[in-house]
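I have placed the structure first, in the form of C-alpha coordinates, so that the comments after it can refer back to it.
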Amino acid sequence: MADFAPESVAFAAGHYIGGANVGDGERIPVARPSDRVDYAELPVADAATVDRAVNDAARAVRDSGWASRPPRERARAMRRWADLIEARAEELGRLEALGSTRPIAQAVTGDVASVAEGLRFFSEWADKLGGEVAATRTDQLGMIVSEPYGVVGAITPWNFPLSMASWKVGPALAAGNAMVLKPSELTPFSTVRLAQLAVEAGIPAGIFNVVQGTGAVTGDALSRHPGIAKLSFTGSTRTGIAVMKAAAESGIKPVTLELGGKSPQLVFADADLDKAAACIAGSLLANAGQACVAGSRLIVQAPVAEALVAALRSRLSSVTPGPTWKAATGFAPIISEPQARRIDAIVTRSREQGAEIVMGGGRIEGHHGAFYQPTLIGNVRADTAAVREEIFGPVLTIQTFVDEEEGLALADHPEYGLAAGIYTRDLGRGLRAVRRLQAGTVWVNRYSRTLDFILPTGGYKSSGIGKDLGRQAVEQNLRHKTVLIDIAG
Ligand code: NDP
(Lines give C-alpha, C1' and ligand atoms only; values in the text may rest on other atoms or scores of the structure.)
Protein backbone atom coordinates (compact mmCIF):
# COMPACT_ATOMS: atom_id res chain seq x y z
CA MET A 1 0.00 0.00 0.00
CA ALA A 2 1.44 3.37 -1.02
CA ASP A 3 0.97 6.87 0.41
CA PHE A 4 -1.21 9.16 -1.67
CA ALA A 5 -1.59 12.92 -2.00
CA PRO A 6 -4.98 14.06 -0.67
CA GLU A 7 -5.32 16.61 -3.48
CA SER A 8 -5.09 13.83 -6.06
CA VAL A 9 -8.40 12.22 -5.11
CA ALA A 10 -11.39 13.07 -7.32
CA PHE A 11 -14.98 12.77 -6.12
CA ALA A 12 -18.51 13.97 -6.86
CA ALA A 13 -19.40 16.56 -4.22
CA GLY A 14 -23.18 16.35 -4.33
CA HIS A 15 -26.24 14.16 -4.03
CA TYR A 16 -26.76 11.12 -6.21
CA ILE A 17 -30.40 10.95 -7.25
CA GLY A 18 -31.91 8.83 -10.01
CA GLY A 19 -28.46 7.90 -11.25
CA ALA A 20 -27.31 11.54 -11.66
CA ASN A 21 -25.07 13.81 -9.65
CA VAL A 22 -27.13 16.70 -8.30
CA GLY A 23 -25.82 19.79 -6.52
CA ASP A 24 -28.97 21.44 -5.11
CA GLY A 25 -28.87 23.19 -1.76
CA GLU A 26 -27.09 25.65 0.44
CA ARG A 27 -23.43 24.61 0.81
CA ILE A 28 -21.41 23.85 3.92
CA PRO A 29 -17.64 23.22 4.16
CA VAL A 30 -16.29 19.70 4.72
CA ALA A 31 -12.94 19.21 6.47
CA ARG A 32 -10.41 16.36 6.24
CA PRO A 33 -10.12 14.79 9.72
CA SER A 34 -6.37 14.18 9.23
CA ASP A 35 -5.39 17.85 8.88
CA ARG A 36 -8.61 19.84 9.39
CA VAL A 37 -8.28 21.43 5.94
CA ASP A 38 -11.62 22.24 4.26
CA TYR A 39 -11.46 20.31 1.01
CA ALA A 40 -14.99 20.48 -0.38
CA GLU A 41 -18.39 22.06 -0.09
CA LEU A 42 -21.41 19.94 0.56
CA PRO A 43 -24.91 20.81 -0.63
CA VAL A 44 -27.57 20.41 2.04
CA ALA A 45 -30.67 18.63 0.74
CA ASP A 46 -33.81 20.37 1.98
CA ALA A 47 -37.26 18.79 2.16
CA ALA A 48 -37.84 19.41 -1.58
CA THR A 49 -34.61 17.62 -2.60
CA VAL A 50 -35.36 14.72 -0.26
CA ASP A 51 -38.84 14.57 -1.79
CA ARG A 52 -37.31 14.41 -5.28
CA ALA A 53 -35.02 11.55 -4.22
CA VAL A 54 -37.88 9.58 -2.67
CA ASN A 55 -40.07 10.11 -5.75
CA ASP A 56 -37.24 9.08 -8.09
CA ALA A 57 -36.69 5.94 -5.99
CA ALA A 58 -40.41 5.11 -6.11
CA ARG A 59 -40.41 5.59 -9.88
CA ALA A 60 -37.34 3.37 -10.23
CA VAL A 61 -39.01 0.58 -8.23
CA ARG A 62 -42.07 0.84 -10.46
CA ASP A 63 -40.36 1.17 -13.83
CA SER A 64 -37.23 -0.97 -13.47
CA GLY A 65 -38.90 -4.09 -12.12
CA TRP A 66 -36.20 -4.31 -9.43
CA ALA A 67 -38.68 -5.94 -7.04
CA SER A 68 -40.59 -8.00 -9.59
CA ARG A 69 -37.72 -9.40 -11.67
CA PRO A 70 -36.47 -12.91 -10.87
CA PRO A 71 -34.66 -12.60 -7.53
CA ARG A 72 -31.54 -14.27 -8.89
CA GLU A 73 -31.19 -11.42 -11.37
CA ARG A 74 -31.06 -9.03 -8.40
CA ALA A 75 -28.47 -11.28 -6.79
CA ARG A 76 -26.37 -11.30 -9.96
CA ALA A 77 -26.43 -7.51 -10.23
CA MET A 78 -25.37 -7.21 -6.60
CA ARG A 79 -22.51 -9.66 -7.15
CA ARG A 80 -21.32 -7.63 -10.13
CA TRP A 81 -21.44 -4.58 -7.86
CA ALA A 82 -19.28 -6.39 -5.30
CA ASP A 83 -16.78 -7.39 -8.01
CA LEU A 84 -16.58 -3.79 -9.21
CA ILE A 85 -15.98 -2.56 -5.67
CA GLU A 86 -13.14 -5.04 -5.30
CA ALA A 87 -11.67 -3.99 -8.62
CA ARG A 88 -11.79 -0.34 -7.46
CA ALA A 89 -10.61 -1.09 -3.92
CA GLU A 90 -7.68 1.29 -4.11
CA GLU A 91 -9.81 4.15 -5.47
CA LEU A 92 -12.60 3.64 -2.91
CA GLY A 93 -10.09 3.17 -0.10
CA ARG A 94 -8.42 6.49 -0.95
CA LEU A 95 -11.74 8.27 -0.99
CA GLU A 96 -12.64 6.75 2.37
CA ALA A 97 -9.23 7.61 3.85
CA LEU A 98 -9.35 11.15 2.47
CA GLY A 99 -12.60 12.08 4.15
CA SER A 100 -12.81 9.90 7.25
CA THR A 101 -10.68 8.58 10.12
CA ARG A 102 -9.87 5.30 8.34
CA PRO A 103 -6.13 4.94 7.58
CA ILE A 104 -5.49 3.95 3.95
CA ALA A 105 -3.92 0.58 4.80
CA GLN A 106 -7.01 -0.44 6.79
CA ALA A 107 -9.51 1.17 4.41
CA VAL A 108 -8.39 -0.79 1.34
CA THR A 109 -7.77 -4.25 2.78
CA GLY A 110 -10.27 -4.02 5.64
CA ASP A 111 -13.25 -1.75 5.00
CA VAL A 112 -13.58 -1.95 1.21
CA ALA A 113 -12.87 -5.68 1.10
CA SER A 114 -15.51 -6.34 3.71
CA VAL A 115 -18.04 -4.09 1.94
CA ALA A 116 -17.66 -6.21 -1.22
CA GLU A 117 -17.95 -9.50 0.65
CA GLY A 118 -20.87 -8.19 2.72
CA LEU A 119 -22.80 -7.25 -0.42
CA ARG A 120 -22.20 -10.76 -1.76
CA PHE A 121 -23.54 -12.16 1.50
CA PHE A 122 -26.71 -10.06 1.21
CA SER A 123 -27.18 -10.86 -2.48
CA GLU A 124 -27.48 -14.53 -1.54
CA TRP A 125 -30.72 -13.82 0.37
CA ALA A 126 -32.52 -12.47 -2.69
CA ASP A 127 -34.35 -15.77 -3.31
CA LYS A 128 -34.28 -17.30 0.18
CA LEU A 129 -37.03 -15.53 2.14
CA GLY A 130 -40.23 -15.85 0.10
CA GLY A 131 -42.56 -16.62 2.99
CA GLU A 132 -44.32 -19.72 4.27
CA VAL A 133 -47.41 -21.85 3.91
CA ALA A 134 -49.44 -21.82 7.11
CA ALA A 135 -51.02 -24.82 8.84
CA THR A 136 -54.70 -24.15 8.08
CA ARG A 137 -57.75 -26.35 7.43
CA THR A 138 -57.27 -28.54 4.37
CA ASP A 139 -60.05 -26.77 2.48
CA GLN A 140 -58.11 -23.52 2.80
CA LEU A 141 -54.63 -22.47 1.76
CA GLY A 142 -52.99 -20.01 4.08
CA MET A 143 -49.79 -18.23 3.04
CA ILE A 144 -47.54 -15.65 4.60
CA VAL A 145 -45.96 -13.80 1.71
CA SER A 146 -42.78 -11.70 2.10
CA GLU A 147 -42.82 -8.43 0.18
CA PRO A 148 -40.38 -5.52 -0.02
CA TYR A 149 -41.51 -2.20 1.42
CA GLY A 150 -40.84 -0.15 -1.71
CA VAL A 151 -38.63 2.81 -0.77
CA VAL A 152 -36.68 2.57 2.48
CA GLY A 153 -34.48 5.21 4.11
CA ALA A 154 -31.15 5.06 5.92
CA ILE A 155 -29.07 7.48 7.97
CA THR A 156 -25.44 6.56 8.67
CA PRO A 157 -22.69 7.88 11.02
CA TRP A 158 -19.15 9.05 10.28
CA ASN A 159 -17.05 6.33 11.89
CA PHE A 160 -17.08 3.66 9.14
CA PRO A 161 -18.89 5.41 6.28
CA LEU A 162 -18.61 2.73 3.57
CA SER A 163 -19.22 -0.22 5.87
CA MET A 164 -22.24 1.39 7.51
CA ALA A 165 -23.74 2.27 4.12
CA SER A 166 -23.25 -1.31 2.87
CA TRP A 167 -24.90 -2.76 5.98
CA LYS A 168 -28.00 -0.69 5.19
CA VAL A 169 -28.18 -0.86 1.40
CA GLY A 170 -27.17 -4.53 1.02
CA PRO A 171 -30.17 -6.11 2.75
CA ALA A 172 -32.56 -3.43 1.47
CA LEU A 173 -31.69 -4.07 -2.18
CA ALA A 174 -31.49 -7.85 -1.84
CA ALA A 175 -35.06 -7.76 -0.51
CA GLY A 176 -36.18 -5.78 -3.57
CA ASN A 177 -36.41 -2.27 -2.12
CA ALA A 178 -34.99 1.03 -3.34
CA MET A 179 -33.05 3.15 -0.86
CA VAL A 180 -32.50 6.83 -0.09
CA LEU A 181 -29.48 7.15 2.23
CA LYS A 182 -28.10 10.15 4.07
CA PRO A 183 -24.44 9.81 5.13
CA SER A 184 -22.96 11.96 7.89
CA GLU A 185 -22.15 15.49 6.74
CA LEU A 186 -18.63 14.85 8.10
CA THR A 187 -17.92 11.91 5.75
CA PRO A 188 -20.21 12.29 2.76
CA PHE A 189 -18.41 11.35 -0.45
CA SER A 190 -17.39 7.69 -0.43
CA THR A 191 -21.07 6.66 -0.21
CA VAL A 192 -21.78 8.48 -3.48
CA ARG A 193 -19.04 6.50 -5.23
CA LEU A 194 -20.59 3.32 -3.86
CA ALA A 195 -23.92 4.34 -5.40
CA GLN A 196 -22.32 5.24 -8.74
CA LEU A 197 -20.68 1.81 -8.88
CA ALA A 198 -24.07 0.19 -8.26
CA VAL A 199 -25.38 1.76 -11.47
CA GLU A 200 -22.19 0.82 -13.35
CA ALA A 201 -22.78 -2.77 -12.23
CA GLY A 202 -26.28 -2.80 -13.72
CA ILE A 203 -28.44 -1.96 -10.70
CA PRO A 204 -31.08 0.38 -12.16
CA ALA A 205 -30.57 4.11 -11.65
CA GLY A 206 -32.77 5.39 -8.81
CA ILE A 207 -32.59 2.19 -6.77
CA PHE A 208 -29.78 3.51 -4.56
CA ASN A 209 -29.86 7.28 -3.97
CA VAL A 210 -27.72 9.42 -1.69
CA VAL A 211 -28.87 12.74 -0.25
CA GLN A 212 -26.27 14.94 1.42
CA GLY A 213 -26.73 17.35 4.26
CA THR A 214 -27.02 17.97 7.96
CA GLY A 215 -28.92 15.82 10.40
CA ALA A 216 -31.19 18.66 11.45
CA VAL A 217 -32.31 19.46 7.89
CA THR A 218 -31.75 16.45 5.61
CA GLY A 219 -31.91 13.68 8.22
CA ASP A 220 -35.07 15.10 9.70
CA ALA A 221 -36.71 15.50 6.27
CA LEU A 222 -35.87 11.90 5.39
CA SER A 223 -37.17 10.57 8.74
CA ARG A 224 -40.46 12.42 8.23
CA HIS A 225 -41.02 11.66 4.56
CA PRO A 226 -44.29 9.76 4.13
CA GLY A 227 -42.88 7.97 1.07
CA ILE A 228 -40.19 6.27 3.18
CA ALA A 229 -41.87 3.07 4.26
CA LYS A 230 -39.14 1.92 6.66
CA LEU A 231 -36.13 3.64 8.18
CA SER A 232 -32.77 2.32 9.37
CA PHE A 233 -30.54 4.55 11.48
CA THR A 234 -27.07 4.19 13.00
CA GLY A 235 -25.78 6.85 15.33
CA SER A 236 -26.04 8.12 18.86
CA THR A 237 -28.89 7.20 21.20
CA ARG A 238 -29.91 10.86 21.49
CA THR A 239 -30.33 11.21 17.71
CA GLY A 240 -32.00 7.80 17.53
CA ILE A 241 -34.71 9.08 19.85
CA ALA A 242 -35.23 12.15 17.61
CA VAL A 243 -35.39 9.96 14.49
CA MET A 244 -37.91 7.58 16.05
CA LYS A 245 -40.08 10.51 17.14
CA ALA A 246 -39.93 12.16 13.70
CA ALA A 247 -40.78 8.87 12.02
CA ALA A 248 -43.76 8.32 14.30
CA GLU A 249 -45.05 11.86 13.88
CA SER A 250 -45.21 11.52 10.11
CA GLY A 251 -47.12 8.27 9.88
CA ILE A 252 -46.23 4.93 11.42
CA LYS A 253 -43.14 3.29 9.92
CA PRO A 254 -40.81 0.66 11.33
CA VAL A 255 -37.47 2.01 12.52
CA THR A 256 -34.26 0.02 13.01
CA LEU A 257 -31.89 1.73 15.43
CA GLU A 258 -28.21 0.87 15.91
CA LEU A 259 -27.17 3.17 18.72
CA GLY A 260 -24.45 3.87 21.23
CA GLY A 261 -22.67 1.57 23.65
CA LYS A 262 -20.56 1.43 26.79
CA SER A 263 -19.48 -2.15 26.48
CA PRO A 264 -17.79 -4.04 29.36
CA GLN A 265 -14.66 -6.20 29.15
CA LEU A 266 -15.12 -8.70 32.00
CA VAL A 267 -11.85 -10.46 32.85
CA PHE A 268 -11.77 -13.30 35.39
CA ALA A 269 -8.58 -14.26 37.24
CA ASP A 270 -8.29 -17.58 35.36
CA ALA A 271 -8.23 -15.90 31.92
CA ASP A 272 -5.34 -15.99 29.45
CA LEU A 273 -4.20 -12.47 30.36
CA ASP A 274 -2.01 -11.97 27.30
CA LYS A 275 -4.87 -12.80 25.02
CA ALA A 276 -7.28 -10.62 27.02
CA ALA A 277 -4.83 -7.70 26.88
CA ALA A 278 -4.46 -8.11 23.10
CA CYS A 279 -8.24 -8.14 22.58
CA ILE A 280 -8.93 -5.21 24.90
CA ALA A 281 -6.12 -3.06 23.50
CA GLY A 282 -7.17 -3.96 19.95
CA SER A 283 -10.71 -2.82 20.61
CA LEU A 284 -9.54 0.46 22.16
CA LEU A 285 -7.12 1.26 19.33
CA ALA A 286 -9.44 0.31 16.45
CA ASN A 287 -10.44 3.60 14.80
CA ALA A 288 -9.09 5.26 18.01
CA GLY A 289 -12.07 3.99 19.97
CA GLN A 290 -14.55 5.57 17.56
CA ALA A 291 -16.54 2.38 17.22
CA CYS A 292 -19.96 1.68 18.64
CA VAL A 293 -18.83 -1.68 20.06
CA ALA A 294 -15.59 -0.33 21.61
CA GLY A 295 -15.04 -2.27 24.84
CA SER A 296 -14.56 0.84 26.95
CA ARG A 297 -15.06 -0.46 30.50
CA LEU A 298 -12.54 -2.95 31.91
CA ILE A 299 -13.95 -4.95 34.82
CA VAL A 300 -11.19 -7.18 36.11
CA GLN A 301 -10.97 -9.63 39.02
CA ALA A 302 -8.78 -8.05 41.70
CA PRO A 303 -5.91 -10.60 41.89
CA VAL A 304 -4.96 -10.07 38.21
CA ALA A 305 -5.79 -6.38 37.88
CA GLU A 306 -2.22 -5.14 38.26
CA ALA A 307 -0.77 -7.64 35.79
CA LEU A 308 -3.48 -6.94 33.20
CA VAL A 309 -3.13 -3.17 33.46
CA ALA A 310 0.66 -3.52 33.02
CA ALA A 311 0.11 -5.65 29.90
CA LEU A 312 -2.36 -3.08 28.56
CA ARG A 313 0.01 -0.18 29.20
CA SER A 314 2.70 -1.85 27.20
CA ARG A 315 0.34 -2.64 24.29
CA LEU A 316 -1.12 0.88 24.26
CA SER A 317 2.15 2.78 24.53
CA SER A 318 3.32 2.49 20.94
CA VAL A 319 0.73 3.85 18.54
CA THR A 320 1.44 5.23 15.07
CA PRO A 321 -0.72 8.34 14.57
CA GLY A 322 -0.55 10.19 11.27
CA PRO A 323 -2.59 11.36 8.31
CA THR A 324 -4.90 8.70 6.91
CA TRP A 325 -3.22 9.02 3.49
CA LYS A 326 0.10 7.68 4.81
CA ALA A 327 0.49 3.92 4.52
CA ALA A 328 2.40 3.74 7.82
CA THR A 329 -0.45 5.30 9.85
CA GLY A 330 -2.04 2.80 12.20
CA PHE A 331 -3.78 5.04 14.73
CA ALA A 332 -6.74 7.10 13.53
CA PRO A 333 -7.34 10.81 14.05
CA ILE A 334 -10.39 11.94 15.99
CA ILE A 335 -13.10 12.86 13.51
CA SER A 336 -13.35 16.57 14.42
CA GLU A 337 -12.15 19.22 16.84
CA PRO A 338 -15.50 19.30 18.75
CA GLN A 339 -15.34 15.51 19.20
CA ALA A 340 -11.74 15.73 20.49
CA ARG A 341 -12.82 18.44 22.94
CA ARG A 342 -15.72 16.28 24.05
CA ILE A 343 -13.41 13.32 24.79
CA ASP A 344 -11.11 15.57 26.79
CA ALA A 345 -14.02 17.13 28.68
CA ILE A 346 -15.24 13.72 29.85
CA VAL A 347 -11.71 12.74 30.95
CA THR A 348 -11.32 16.07 32.81
CA ARG A 349 -14.73 15.75 34.48
CA SER A 350 -13.86 12.20 35.59
CA ARG A 351 -10.59 13.44 37.11
CA GLU A 352 -12.51 16.15 38.98
CA GLN A 353 -14.80 13.41 40.30
CA GLY A 354 -11.78 11.68 41.86
CA ALA A 355 -10.67 9.34 39.05
CA GLU A 356 -6.96 8.66 38.56
CA ILE A 357 -5.41 8.95 35.08
CA VAL A 358 -3.26 5.81 34.89
CA MET A 359 -2.05 6.49 31.37
CA GLY A 360 -2.58 9.16 28.70
CA GLY A 361 -5.35 11.63 29.40
CA GLY A 362 -4.58 14.29 26.80
CA ARG A 363 -4.02 15.15 23.14
CA ILE A 364 -1.18 13.77 21.05
CA GLU A 365 0.51 16.99 19.94
CA GLY A 366 2.51 17.69 16.79
CA HIS A 367 -0.07 16.70 14.20
CA HIS A 368 -2.38 18.77 12.00
CA GLY A 369 -5.37 16.60 12.89
CA ALA A 370 -6.74 15.98 16.39
CA PHE A 371 -5.30 12.84 18.01
CA TYR A 372 -5.99 11.54 21.51
CA GLN A 373 -3.67 9.43 23.65
CA PRO A 374 -4.74 5.90 24.56
CA THR A 375 -6.01 6.55 28.06
CA LEU A 376 -6.54 4.35 31.12
CA ILE A 377 -8.61 5.69 34.01
CA GLY A 378 -8.68 4.05 37.45
CA ASN A 379 -10.40 4.77 40.76
CA VAL A 380 -13.78 5.20 39.12
CA ARG A 381 -17.32 4.57 40.34
CA ALA A 382 -20.53 3.73 38.50
CA ASP A 383 -21.40 7.43 38.41
CA THR A 384 -18.01 8.64 37.11
CA ALA A 385 -18.55 10.42 33.77
CA ALA A 386 -16.11 8.12 31.91
CA VAL A 387 -17.99 5.03 33.14
CA ARG A 388 -21.47 6.37 32.48
CA GLU A 389 -21.14 8.23 29.17
CA GLU A 390 -20.20 6.94 25.74
CA ILE A 391 -16.88 8.64 24.92
CA PHE A 392 -16.17 7.45 21.37
CA GLY A 393 -12.41 7.80 21.85
CA PRO A 394 -9.46 5.62 23.02
CA VAL A 395 -10.40 5.74 26.70
CA LEU A 396 -10.76 2.71 28.99
CA THR A 397 -11.97 2.82 32.59
CA ILE A 398 -10.78 0.21 35.10
CA GLN A 399 -12.94 -1.31 37.83
CA THR A 400 -12.07 -4.36 39.94
CA PHE A 401 -14.30 -7.04 41.46
CA VAL A 402 -13.97 -9.81 43.99
CA ASP A 403 -16.49 -12.47 42.97
CA GLU A 404 -18.52 -13.43 39.90
CA GLU A 405 -21.69 -11.80 41.16
CA GLU A 406 -19.99 -8.46 41.71
CA GLY A 407 -18.29 -8.63 38.30
CA LEU A 408 -21.57 -9.29 36.51
CA ALA A 409 -23.31 -6.50 38.41
CA LEU A 410 -20.60 -4.02 37.43
CA ALA A 411 -20.71 -5.17 33.80
CA ASP A 412 -24.39 -4.30 33.51
CA HIS A 413 -24.71 -0.67 32.35
CA PRO A 414 -27.94 1.11 33.33
CA GLU A 415 -28.46 2.54 29.84
CA TYR A 416 -26.48 0.67 27.17
CA GLY A 417 -26.35 -2.97 26.08
CA LEU A 418 -24.57 -3.18 22.73
CA ALA A 419 -21.72 -5.67 23.25
CA ALA A 420 -19.67 -7.34 25.98
CA GLY A 421 -16.43 -9.31 26.27
CA ILE A 422 -15.83 -12.15 28.74
CA TYR A 423 -12.41 -13.67 29.39
CA THR A 424 -12.19 -16.94 31.34
CA ARG A 425 -10.96 -20.52 30.90
CA ASP A 426 -13.95 -21.84 32.87
CA LEU A 427 -16.64 -22.83 30.36
CA GLY A 428 -19.41 -22.89 32.96
CA ARG A 429 -18.56 -19.42 34.22
CA GLY A 430 -18.36 -18.09 30.67
CA LEU A 431 -21.77 -19.48 29.79
CA ARG A 432 -23.33 -18.20 33.02
CA ALA A 433 -22.03 -14.75 32.15
CA VAL A 434 -23.33 -15.02 28.56
CA ARG A 435 -26.79 -15.69 30.00
CA ARG A 436 -26.68 -12.83 32.45
CA LEU A 437 -25.18 -10.04 30.34
CA GLN A 438 -27.71 -7.64 28.86
CA ALA A 439 -26.02 -7.13 25.49
CA GLY A 440 -26.87 -7.75 21.86
CA THR A 441 -23.45 -9.34 21.20
CA VAL A 442 -21.28 -11.24 23.69
CA TRP A 443 -17.75 -12.24 22.72
CA VAL A 444 -15.98 -14.90 24.79
CA ASN A 445 -12.16 -14.91 24.80
CA ARG A 446 -12.16 -12.59 21.77
CA TYR A 447 -13.42 -9.09 21.03
CA SER A 448 -14.26 -8.19 17.46
CA ARG A 449 -16.44 -9.04 14.54
CA THR A 450 -15.28 -11.43 11.84
CA LEU A 451 -16.32 -11.69 8.19
CA ASP A 452 -19.13 -14.00 9.34
CA PHE A 453 -21.85 -11.67 8.15
CA ILE A 454 -24.40 -14.28 9.19
CA LEU A 455 -23.95 -13.02 12.78
CA PRO A 456 -26.29 -10.06 13.31
CA THR A 457 -25.34 -7.00 15.32
CA GLY A 458 -27.57 -4.72 17.34
CA GLY A 459 -28.24 -3.54 20.83
CA TYR A 460 -30.29 -4.29 23.93
CA LYS A 461 -31.75 -1.48 26.04
CA SER A 462 -30.94 2.05 24.75
CA SER A 463 -28.35 0.61 22.35
CA GLY A 464 -31.02 -0.01 19.78
CA ILE A 465 -33.87 -1.89 18.18
CA GLY A 466 -33.43 -4.52 15.46
CA LYS A 467 -30.29 -5.81 13.79
CA ASP A 468 -27.81 -5.02 11.07
CA LEU A 469 -26.15 -7.97 9.28
CA GLY A 470 -27.36 -11.55 9.37
CA ARG A 471 -30.60 -12.98 8.01
CA GLN A 472 -32.39 -10.62 10.40
CA ALA A 473 -31.24 -7.54 8.47
CA VAL A 474 -32.84 -8.87 5.28
CA GLU A 475 -36.01 -9.91 7.12
CA GLN A 476 -36.33 -6.38 8.48
CA ASN A 477 -36.45 -5.14 4.91
CA LEU A 478 -39.44 -7.32 4.13
CA ARG A 479 -43.04 -7.05 5.31
CA HIS A 480 -45.46 -9.93 5.47
CA LYS A 481 -48.83 -10.28 3.85
CA THR A 482 -51.26 -12.95 5.05
CA VAL A 483 -53.21 -14.67 2.28
CA LEU A 484 -56.06 -17.12 2.93
CA ILE A 485 -57.65 -18.90 -0.06
CA ASP A 486 -60.76 -21.01 0.01
CA ILE A 487 -60.01 -24.17 -1.97
CA ALA A 488 -63.12 -26.22 -1.06
CA GLY A 489 -64.48 -27.92 -4.17
P1 NDP B 1 -25.10 11.09 15.39
O2 NDP B 1 -26.24 10.48 16.11
O3 NDP B 1 -24.73 12.48 15.70
O4 NDP B 1 -25.37 11.09 13.81
C5 NDP B 1 -25.70 9.92 13.11
C6 NDP B 1 -26.38 10.32 11.82
O7 NDP B 1 -27.62 10.94 12.14
C8 NDP B 1 -25.59 11.33 10.99
O9 NDP B 1 -25.81 11.09 9.61
C10 NDP B 1 -26.24 12.64 11.40
O11 NDP B 1 -26.07 13.64 10.43
C12 NDP B 1 -27.69 12.21 11.52
N13 NDP B 1 -28.53 13.10 12.33
C14 NDP B 1 -28.15 13.99 13.28
N15 NDP B 1 -29.25 14.61 13.79
C16 NDP B 1 -30.33 14.13 13.13
C17 NDP B 1 -31.74 14.36 13.20
N18 NDP B 1 -32.27 15.24 14.05
N19 NDP B 1 -32.55 13.65 12.39
C20 NDP B 1 -32.05 12.74 11.53
N21 NDP B 1 -30.73 12.48 11.40
C22 NDP B 1 -29.87 13.15 12.20
O23 NDP B 1 -23.93 10.08 15.55
P24 NDP B 1 -22.45 10.23 15.01
O25 NDP B 1 -22.45 10.44 13.54
O26 NDP B 1 -21.79 11.22 15.88
O27 NDP B 1 -21.88 8.76 15.25
C28 NDP B 1 -21.45 8.35 16.45
C29 NDP B 1 -22.55 7.60 17.18
O30 NDP B 1 -23.02 6.51 16.40
C31 NDP B 1 -22.05 6.98 18.46
O32 NDP B 1 -22.93 7.25 19.50
C33 NDP B 1 -22.01 5.49 18.17
O34 NDP B 1 -22.14 4.66 19.25
C35 NDP B 1 -23.10 5.33 17.19
N36 NDP B 1 -22.85 4.17 16.35
C37 NDP B 1 -23.56 3.04 16.57
C38 NDP B 1 -23.32 1.89 15.85
C39 NDP B 1 -24.11 0.66 16.09
O40 NDP B 1 -24.08 -0.25 15.26
N41 NDP B 1 -24.82 0.53 17.18
C42 NDP B 1 -22.31 1.87 14.79
C43 NDP B 1 -21.61 3.11 14.63
C44 NDP B 1 -21.89 4.22 15.40
P45 NDP B 1 -24.85 14.67 10.52
O46 NDP B 1 -23.63 13.91 10.84
O47 NDP B 1 -24.85 15.23 9.16
O48 NDP B 1 -25.24 15.63 11.61
*Measure nothing but the geometry: give the 0 to 90° angle between the long axis through the Cα atoms of 427-436 and the longest principal axis through the Cα atoms of the chain, rounded to 10°.*
60
*Stretch Gln353-Ala20 to full length: gain in nm at 0.36 nm per residue minus the Cα-Cα span?*
114.5 nm
*Return one number: the angle in degrees, 0 to 90 and rounded to the nearest 10, between the long axis of the Cα atoms of helix 71-87 and the longest principal axis of the Cα atoms of the chain.*
50
*asked:* If the only charges are +1 at each Lys and Arg Cβ and -1 at each Asp and Glu Cβ, what is the size of the charge dipole of the chain around the Cα centre, to the nearest 20 debye?
replied: 540
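Using unit Cβ charges (K, R positive; D, E negative) and no other charged atoms, how large, in debye to the nearest 20, is the dipole of the stretch 264-452 about its Cα centre? If you can, show how the numbers build up before the last one.
Working: 19 positive and 20 negative charges, 89 e Å.
Result for the stretch 264-452 is approximately 420 debye, rounded to the nearest 20.
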*CD proxy at 222 nm, helix term only [per DSSP H run n ≥ 4: -39500 (n - 2.57); per residue of the chain; nearest 500]*: -11000 deg cm²/dmol
*May I ask which of Lys326/Lys467; Lys253/Lys481; Lys168/Lys461; Lys461/Lys481; Lys182/Lys262 have a Cα-Cα span longer than 23 Å here?*
Lys326/Lys467; Lys461/Lys481; Lys182/Lys262
*Those aspartates and glutamates that a straight Cα-Cα span of less than 14 Å connects to Lys128, excepting residues fewer than 8 apart in one chain*: Glu73, Glu147, Glu475
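Work out the FRET efficiency for Ala10 and Ala248 from their Cβ-Cβ distance, taking R0 = 30 Å, and round it to the nearest 0.05. Walk me through the intermediate numbers first.
Numbers: r = 41 Å, r/R0 = 1.37.
It comes to 0.15.
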_Can you give me the accessible area per residue for the chain, using a 1.4 Å probe, in Å²?_
39
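Assuming 0.36 nm per residue, please report the length gained on full extension of the stretch Leu455 to Leu484 beyond their Cα-Cα distance.
Details: separation 29, 0.36 × 29 = 10.44 nm, distance 3.38 nm.
This chain segment gains 7.1 nm when fully extended.
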*Principal-axis tilt of helix 89-99 within the chain, Cα atoms, nearest 10 degrees*: 60
*asked:* For a protection proxy built on the mean count of beta-carbon atoms within 10 angstrom, sort 331-343, 259-271 highest first, please.
replied: 259-271, 331-343
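Over the stretch 109-188, what percent of the accessible surface lies on carbon and sulfur atoms, probe 1.4 Å?
Numbers: 1380 of 2430 Å².
Here it works out to 57 percent.
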*Which value, in Å³ per residue, describes the convex hull spanned by the Cα atoms of the chain?*
149
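Give me the percent of accessible area attributable to carbon and sulfur for the stretch 264-452, probe 1.4 angstrom. Mind showing how you got there, number by number?
Working: 3880 of 7630 Å².
Carbon and sulfur atoms account for 51 percent of the accessible area of the stretch 264-452.
The values are calculated or read from the model by the stated rules, or taken from the named source; none is laboratory data. The structure displayed is predicted, hence computed values, not measured ones. Glycine also receives a Cβ, built like all others from the backbone with ideal geometry; neighbour counts cover every protein chain displayed. Note: accessible area is taken over every heavy atom of the protein model, side chains too, but ligands, DNA and RNA are not part of it. Shrake-Rupley method; radii C 1.70, N 1.55, O 1.52, S 1.80 Å.
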